[in-house]
Amino acid sequence: MNKNIKIITKYWDVADLKKIKNYESFGGYKALHKFIKDKNSDKFADEIKNSSLLGRGGAGFPTGDKLEAVAGSGEKERYFICNLDESEPGTYKDRAIVDNDPHKLIEGIIILSLIIGARKAFIYINGNYGKQEEILENALEEAYKKKYWGEKILKSDYNLEIGIFSGAGAYICGEETALINSIEGSRGEPKMRPPYPTEKGLFGKPTLVNNAETISNISWIVIYGGEEYAKIGSKNSPGTKLFVLGGAVKKPGVYELPLGVTIRELIFEIGGGLAKGKEFWFAQIGGSSGRLIMEKELDAKLEFGNKDFSIGSGAILVVDKTTNIYDLLLSWTGFFRRESCGKCVPCREGTFRLWEIAKRLQDGEISEADKKAVKDILWTLENTTFCPFGKFAAAAFRDAVEKLKILK
Amino acid sequence: MPLERGRRIMCMNIRINNKIYEAREEETVLDVCRREGIRIPTLCAFSGLPKETVCRLCLVEINLTDKLVPSCAFQVCEKLEVTTESERINKARRINLELLWADHAGKCAGCRKNRMCELQNLAEEYKIENFHFVPRKEEITDVEERDLLKDNKSRVVIDNKNPAIFRTTEYCIECRRCINICPDKAFGFNHRAGDVVVGTPYEKTLDCSFCGKCVEVCPTAALTDQNDFGKIIKDLDNLKKMAVAVVDWEMEKGVLRQLKNMKSQKNFDDLLTELGFEKIINLSKEETKNEAIKNIKADYARKEKINPESIVIFFISNKIEKKANKDEYLDYILSEREIARLARDRKII
């Protein structure tokens with residue numbers, strides 16, 4: 001496997017790509033020119049489908065399928081939303097994309113919007129990303145002046161309006177139905193599915209919601225073709241992925257690697273291993289909602305569709321043996337207790353009680369009743385909540401109980 | 001096939017607990033089960049209101065997925081097989097009930113909704129007696145104070161300033177019935193996660209048309225009728241005063257319904273007499289209470305040589321909006337719920 005192939009980060013260190021001139025000099029907006037020249041949205045929709053690109057937000061849903069559903073809908077009015085509500089703890093890949101290469105994101109947004117026939121696209125950005133919002137505003141202005149979006153894009157008949165919508169920094173608004181609620185002005189909480197956003201999304205119209213990283217792959221696919229893209233990475237989940245390495249490694253940061261790389265390679269080769277004198281304990285894959293991976297499982301591949309763990313947002317936290325697990329537990333449970341939307345009983349009450357117990361664990365006052373309660377709460381979070389948030393909230397705690405034996 | 005508004009309604013057979021039942025399209029699993037008398041516990045579902053699926057008690061197993069699905073929102077379809085009772089379902093219901101019950105356990109005896117509370121009934125039905133958690137909702141309004149205590153307490157909002165509806169979030173289970181039923185859209189959510197409280201914008205004192213629908217649908221004691229029971233009981237017991245009940249049209253039915261929920265079959269007139277009302281006037285549909293009250297205060301008082309001042313008029317009606325705007329001569333307004341509460345407190349039922 002060629003680990004050096006780069007799709008998103010290729011020119012990050014070469015030039016200041018925030019300037020549209022620099023971006024164009026490295027082949028920027030060529031994909032859009034190509035699309036406008038062909039004016040064949042079906043062809044490019046097929047290319048994206050052939051690329052087998054999977055959603056990079058965490059769920060790994062095929063982007064081509066979503067795209068097809070919206071593009072093929074009977075409704076005339078459609079919307080496109082770029083999900084930039086990145087709020088998983090330890091994850092800053094989307095922020096890095098905006099910081100380094102905002103135009104790649106914008107180009108992807110324009111192409112995807114035109115493919116599905118949307119006249120209006122939103123960038124839903126985390127409310128804490130003030131600086132990134134500014135970068136995007138400037139980039140959008142530059143692109144607008146060059147007629148890359150607006151009315152009559154590059155003198156064609158295509159029209160597109162792009163707007164930035166700043167959320168309030170709620171974790172749950174990264175979930176697409178909650179995100180849609182938030183743009184509509186309602187409380188940020190998930191909605192019942194079906195209907196899926198691809199049928200009835202924003203303002204009741206078919207809506208395509210894609211993660212910022214997914215969108216950043218689009219211009220490459222348009223230029224080089226879906227089949228080429230499918231050759232990169234592992235068979236079932238092609239392409240590259242941004243991994244955010246953090247914790248007790250020597251070289252933390254954002255790394256672009258083909259999917260299918262093993263956790264061991266990422267931590268010990270790319271990340272340079274652990275600092276001197278520190279001993280590996282476990283790694284958490286996918287932010288606070290991720291599973292814990294022990295030493296013996298390190299050869300597992302980082303790819304979508306893995307049945308033992310989900311790579312989620314791509315954040316990898318390396319934890320060494322000097323860490324106090326109870327502090328970590330309190331941090332996880334505190335996060336979920338704060339970020340639950342409060343809609344359904346098991347999540348609202350369960351995350352609160354789990355946090356309460358984590359506090360007692362830290363104080364060393366855990367009782368037998370608490371141990372039983374932990375079991376019940378984890379079970380109800382995994383099985384009865386309204387949206388997947390409950391499962392996320394339970395994942396790390398569950399592994400801490402089963403793999404690290406914290407309750408013994 | 002039945003016709004509804006000129007459109008053919010599709011019918012189908014579904015299996016519930018291994019028995020075949022007929023179901024119509026657009027019906028949910030809960031609709032069919034309610035119709036057929038199959039018991040499924042619910043707290044948020046309420047007929048006519050949007051299906052919120054937030055209480056997670058009506059979960060059932062189906063043959064289409066391994067996951068538990070909320071029966072209140074799951075629409076019937078061909079070849080559907082439903083199981084409403086199993087160890088897994090029971091476990092889910094018990095845990096979720098227990099999580100809610102933590103803030104209610106031990107508070108029933110002094111509660112306004114005692115014996116009239118849906119959560120209490122369910123907790124009894126599912127024998128929730130564990131005390132894994134301490135109550136977290138207590139009246140600590142100051143955020144700083146709460147943080148100082150570090151005692152895992154959540155804030156409680158109490159509104160006793162409005163004339164008709166007493167609100168306390170201490171007993172609120174966030175079922176959303178009041179939010180959905182309110183014609184004035186007076187309620188919504190404030191804050192999120194464990195701090196979520198149902199309340200008015202900016203937590204101002206409730207100021208609405210006081211139709212009382214929210215009090216009617218509230219499953220717990222979060223929303224109850226506002227009244228000075230101490231004063232009412234004093235006036236009812238005062239031998240020097242004559243308590244007159246002016247009973248609104250169709251109120252008898254309402255009160256009897258409340259009694260039935262509390263498993264009592266008491267006769268309406270007996271109940272009022274035992275409560276201490278000395279005269280009962282039943283209004284017909286056309287009669288207005290003002291006329292009736294005037295008759296008593298003027299004609300009746302003169303005839304019986306009673307000082308009109310010592311006649312206390314109780315208007316028994318669900319029109320609790322009148323509490324905000326009381327008419328002349330009218331002393332108290334009691335809703336059907338309050339009559340039941342009075343009867344309960346006085347150990348008549």
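The values are calculated or read from the model by the stated rules, or taken from the named source; none is laboratory data. Treat the numbers as computed from the prediction; the structure is a model and nothing was measured. Glycine also receives a Cβ, built like all others from the backbone with ideal geometry; neighbour counts cover every protein chain displayed.
How many residues are among the charged types (D, E, K, R), farther than 18 Å from A:Arg56 by Cα and buried (at least 19 other Cβ atoms within 10 Å of the Cβ) when one looks only at segment A:219-259? Outline the logic, then answer.
Within segment A:219-259, the first condition is being among the charged types (D, E, K, R), and the residues that meet it are A:227-228, A:231, A:235, A:241, A:250-251, A:256.
From the residues that got through so far, the ones that are farther than 18 Å from A:Arg56 by Cα too are A:227-228, A:250-251.
So of that shortlist, the ones also buried (at least 19 other Cβ atoms within 10 Å of the Cβ) come out as none.
Number of matching residues: 0.
Just to verify a result, which residue in segment B:81-106, among those that are more than 11 Å from every other protein chain (Cβ to nearest Cβ) and surrounded by 15 or more Cβ atoms within 10 Å (Cβ to Cβ), is modelled with the lowest pLDDT?
B:Ala105
Can you tell me how many residues in segment B:241-295 are among the small types (Gly, Ala, Ser) and not in a loop (DSSP other than H, G, I, E, B)?
Within segment B:241-295, the first condition is being among the small types (Gly, Ala, Ser), and the residues that meet it are B:243, B:245, B:254, B:264, B:276, B:284, B:292.
Imposing the further condition that a residue be not in a loop (DSSP other than H, G, I, E, B) reduces the set to B:243, B:245, B:254, B:292.
Residues flagged as among the small types (Gly, Ala, Ser) and not in a loop (DSSP other than H, G, I, E, B) within segment B:241-295 amount to 4.
Select from segment B:166-212 the residues that are surrounded by fewer than 17 Cβ atoms within 10 Å (Cβ to Cβ) and more than 14 Å from every other protein chain (Cβ to nearest Cβ) and list them in ascending order.
Of everything in segment B:166-212, those that are surrounded by fewer than 17 Cβ atoms within 10 Å (Cβ to Cβ) and more than 14 Å from every other protein chain (Cβ to nearest Cβ) turn out to be B:Pro183, B:Asp184, B:Tyr202, B:Glu203, B:Lys204, B:Thr205, B:Asp207, B:Ser209.
Can you give me the number of residues within segment B:294-347 that are over 18 Å from B:Lys253 (Cα atoms) and more than 19 Å from the chain's Cα centre (by Cα)?
32
Looking at A:Glu88, A:Glu75, can you tell me which residue is in a loop (DSSP other than H, G, I, E, B), assigned by TED's automatic domain parsing to the domain that holds A:Glu161 and touching a strand residue (DSSP E or B) at 6+ places or on another chain (Cβ under 9 Å)? Break it down stepwise before answering.
Values: A:Glu75 fails: touching a strand residue (DSSP E or B) at 6+ places or on another chain (Cβ under 9 Å).
Sole residue among the options that is in a loop (DSSP other than H, G, I, E, B), assigned by TED's automatic domain parsing to the domain that holds A:Glu161 and touching a strand residue (DSSP E or B) at 6+ places or on another chain (Cβ under 9 Å): A:Glu88.
Go through (1) farther than 15 Å from B:Glu118 by Cβ; (2) touching a residue at least 40 places away in the same chain (Cβ under 8 Å); (3) basic (Lys, Arg) for B:Arg39 and report which single condition fails.
(1)
Which of the residues that make up segment A:336-348 are closer than 12 Å to A:Ala393 by Cβ, at the interface with another protein chain (Cβ under 7 Å from one of its Cβ atoms) and in a helix (DSSP H, G or I)?
Passing the criteria: A:Arg337, A:Arg338, A:Glu339, A:Pro346, A:Arg348.
Of the residues B:Glu61, B:Glu78, only one is acidic (Asp, Glu), within 22 Å of B:Lys19 (Cβ to Cβ) and either free of Cβ contacts under 8 Å to residues at least 60 places away in the same chain or within 13 Å of chain A (Cβ to nearest Cβ) (or both); which? Break it down stepwise before answering.
Working: B:Glu78 fails: either free of Cβ contacts under 8 Å to residues at least 60 places away in the same chain or within 13 Å of chain A (Cβ to nearest Cβ) (or both).
Step by step, each of B:Glu61, B:Glu78 is checked, and only B:Glu61 is acidic (Asp, Glu), within 22 Å of B:Lys19 (Cβ to Cβ) and either free of Cβ contacts under 8 Å to residues at least 60 places away in the same chain or within 13 Å of chain A (Cβ to nearest Cβ) (or both).
Output the residue which, of all residues in segment A:166-199 that are more than 12 Å from chain B (Cβ to nearest Cβ) and of a type in the set (Asp, Glu), is surrounded by the most Cβ atoms within 10 Å (Cβ to Cβ).
Going through the qualifying residues, I end up with A:Glu176.
Report the residue count in segment A:97-140 for those that are over 18 Å from the mean Cα position of the chain (by Cα), crowded, with 23+ Cβ neighbours inside 10 Å and assigned to a loop (DSSP other than H, G, I, E, B).
Counting residues in segment A:97-140 that are over 18 Å from the mean Cα position of the chain (by Cα), crowded, with 23+ Cβ neighbours inside 10 Å and assigned to a loop (DSSP other than H, G, I, E, B) gives 1.
What about B:Thr205, is it within 25 Å of A:Trp355 (Cβ to Cβ), of a type outside the set (D, E, K, R) and part of a loop (DSSP other than H, G, I, E, B)? Reasoning before the result, please.
Numbers: within 25 Å of A:Trp355 (Cβ to Cβ): no; of a type outside the set (D, E, K, R): yes; part of a loop (DSSP other than H, G, I, E, B): yes.
When the stated conditions are applied, B:Thr205 does not pass them.
What are the residues in segment B:44-54 that are under 16 Å from the mean Cα position of the chain (by Cα) and either facing chain A (nearest Cβ under 8 Å) or surrounded by fewer than 18 Cβ atoms within 10 Å (Cβ to Cβ) (or both), if any? Full working, then the answer.
Looking only at segment B:44-54, we keep the residues that are under 16 Å from the mean Cα position of the chain (by Cα), and these are B:44-49.
Answer for segment B:44-54, where residues must be under 16 Å from the mean Cα position of the chain (by Cα) and either facing chain A (nearest Cβ under 8 Å) or surrounded by fewer than 18 Cβ atoms within 10 Å (Cβ to Cβ) (or both): B:Ser47, B:Gly48, B:Leu49.
Applying the selection to segment A:331-346, what residues are crowded, with 20+ Cβ neighbours inside 10 Å and closer than 16 Å to A:Ser288 by Cα? First the steps, then the outcome.
First, the residues of segment A:331-346 that are crowded, with 20+ Cβ neighbours inside 10 Å: A:332-333, A:335-337, A:339-346.
Matches in segment A:331-346: A:Trp332, A:Thr333, A:Phe335, A:Phe336, A:Arg337, A:Glu339, A:Ser340.
With respect to A:Asp94, is the statement that it is charged (D, E, K, R), in a helix (DSSP H, G or I), surrounded by fewer than 24 Cβ atoms within 10 Å (Cβ to Cβ) and at pLDDT 95 or above true? Give the derivation first.
On the way: charged (D, E, K, R): yes; in a helix (DSSP H, G or I): yes; surrounded by fewer than 24 Cβ atoms within 10 Å (Cβ to Cβ): no; at pLDDT 95 or above: yes.
No; evaluated as a whole, the condition is false for this residue.
Could you please let me know if A:Glu228 is within 22 Å of A:Asp85 (Cβ to Cβ), among the charged types (D, E, K, R) and part of a helix (DSSP H, G or I)?
Judged against the criteria, A:Glu228 is not a match.
Conditions tested, residue by residue: (1) closer than 25 Å to A:Ala275 by Cβ; (2) in contact with a Pro (Cβ under 9 Å, 6 or more places away or on another chain); (3) in contact (Cβ under 8 Å) with a residue 40 or more places away in the chain.
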{"position": "A:Leu329", "(1), (2), (3)": "yes, no, yes"}
{"position": "A:Glu339", "(1), (2), (3)": "no, no, yes"}
{"position": "A:Thr351", "(1), (2), (3)": "no, no, yes"}
{"position": "A:Ala395", "(1), (2), (3)": "no, no, yes"}
{"position": "A:Ala400", "(1), (2), (3)": "yes, no, yes"}
{"position": "A:Lys408", "(1), (2), (3)": "no, no, no"}
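So is A:Thr333 in contact (Cβ under 8 Å) with a residue 24 or more places away in the chain, out of contact with any strand residue (DSSP E or B) (no Cβ under 6 Å at 6 or more places or on another chain), assigned to a helix (DSSP H, G or I) and within 10 Å of chain B (Cβ to nearest Cβ) or not? Talk me through it step by step, then tell me what you get.
Details: in contact (Cβ under 8 Å) with a residue 24 or more places away in the chain: yes; out of contact with any strand residue (DSSP E or B) (no Cβ under 6 Å at 6 or more places or on another chain): yes; assigned to a helix (DSSP H, G or I): yes; within 10 Å of chain B (Cβ to nearest Cβ): no.
Against the criterion (in contact (Cβ under 8 Å) with a residue 24 or more places away in the chain, out of contact with any strand residue (DSSP E or B) (no Cβ under 6 Å at 6 or more places or on another chain), assigned to a helix (DSSP H, G or I) and within 10 Å of chain B (Cβ to nearest Cβ)), A:Thr333 does not qualify.
Any idea how many residues of segment A:47-60 are at pLDDT 95 or above and surrounded by fewer than 16 Cβ atoms within 10 Å (Cβ to Cβ)?
Qualifying residue count, segment A:47-60: 0.
Out of all the residues in segment B:229-237, is one or more at pLDDT below 95, assigned to a loop (DSSP other than H, G, I, E, B) and either more than 14 Å from every other protein chain (Cβ to nearest Cβ) or under 13 Å from the mean Cα position of the chain (by Cα) (or both)?
We begin by selecting, within segment B:229-237, every residue at pLDDT below 95; these are B:229-237.
Filter again for assigned to a loop (DSSP other than H, G, I, E, B), leaving none.
Looking for residues that are at pLDDT below 95, assigned to a loop (DSSP other than H, G, I, E, B) and either more than 14 Å from every other protein chain (Cβ to nearest Cβ) or under 13 Å from the mean Cα position of the chain (by Cα) (or both), one finds none in segment B:229-237, hence no.
May I ask you to list the residues in segment A:231-266 that are in a strand (DSSP E or B) and among the charged types (D, E, K, R)?
Matches in segment A:231-266: A:Lys241, A:Glu256.
Please specify each residue of segment A:353-393 satisfying the condition of being aliphatic (A, V, I, L, M), free of Cβ contacts under 8 Å to residues at least 60 places away in the same chain and part of a helix (DSSP H, G or I).
Here is the first cut: in segment A:353-393, the residues aliphatic (A, V, I, L, M) are A:354, A:357-358, A:361, A:366, A:369, A:373-374, A:377-378, A:381, A:393.
Among the residues that remain, those that are also free of Cβ contacts under 8 Å to residues at least 60 places away in the same chain are: A:354, A:357-358, A:361, A:366, A:369, A:373-374, A:377-378, A:381.
Passing the criteria: A:Leu354, A:Ile357, A:Ala358, A:Leu361, A:Ala369, A:Ala373, A:Val374, A:Ile377, A:Leu378, A:Leu381.
When you check A:Ile223 against the structure, is it within 12 Å of the chain's Cα centre (by Cα) and within 21 Å of A:Lys39 (Cα to Cα), yes or no? Break it down into steps so the answer makes sense when it comes.
Numbers: within 12 Å of the chain's Cα centre (by Cα): no; within 21 Å of A:Lys39 (Cα to Cα): yes.
Against the criterion (within 12 Å of the chain's Cα centre (by Cα) and within 21 Å of A:Lys39 (Cα to Cα)), A:Ile223 does not qualify.
Kindly provide the set of residues from segment A:12-45 that are at pLDDT 95 or above, surrounded by 14 or more Cβ atoms within 10 Å (Cβ to Cβ) and among the hydroxyl-bearing types (Ser, Thr, Tyr), ordered by number.
Those that are at pLDDT 95 or above, surrounded by 14 or more Cβ atoms within 10 Å (Cβ to Cβ) and among the hydroxyl-bearing types (Ser, Thr, Tyr): A:Tyr23, A:Tyr29.
Table: residues versus (1) more than 17 Å from A:Ser216 (Cβ to Cβ); (2) of a type outside the set (D, E, K, R).
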{"residue": "A:Glu88", "(1), (2)": "yes, no"}
{"residue": "A:Asp94", "(1), (2)": "no, no"}
{"residue": "A:Asp99", "(1), (2)": "no, no"}
{"residue": "A:Ile109", "(1), (2)": "no, yes"}
{"residue": "A:Leu112", "(1), (2)": "no, yes"}
{"residue": "A:Ile115", "(1), (2)": "no, yes"}
{"residue": "A:Ala121", "(1), (2)": "no, yes"}
{"residue": "A:Tyr124", "(1), (2)": "no, yes"}
{"residue": "A:Ala143", "(1), (2)": "no, yes"}
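State which residue is nearest to the other protein chains (Cβ to nearest Cβ) when the search covers only segment B:64-75 and only residues that are of a type in the set (S, T, N, Q) and touching a Ser or Thr at 6+ places or on another chain (Cβ under 8 Å). Before you say what the answer is, go through the steps one by one.
Kept after step one, since they are of a type in the set (S, T, N, Q), are these residues of segment B:64-75: B:65, B:71, B:75.
Pick out the ones that are also touching a Ser or Thr at 6+ places or on another chain (Cβ under 8 Å) and you get B:71, B:75.
Values: B:Ser71: 13, B:Gln75: 10 Å.
Here the answer is B:Gln75.
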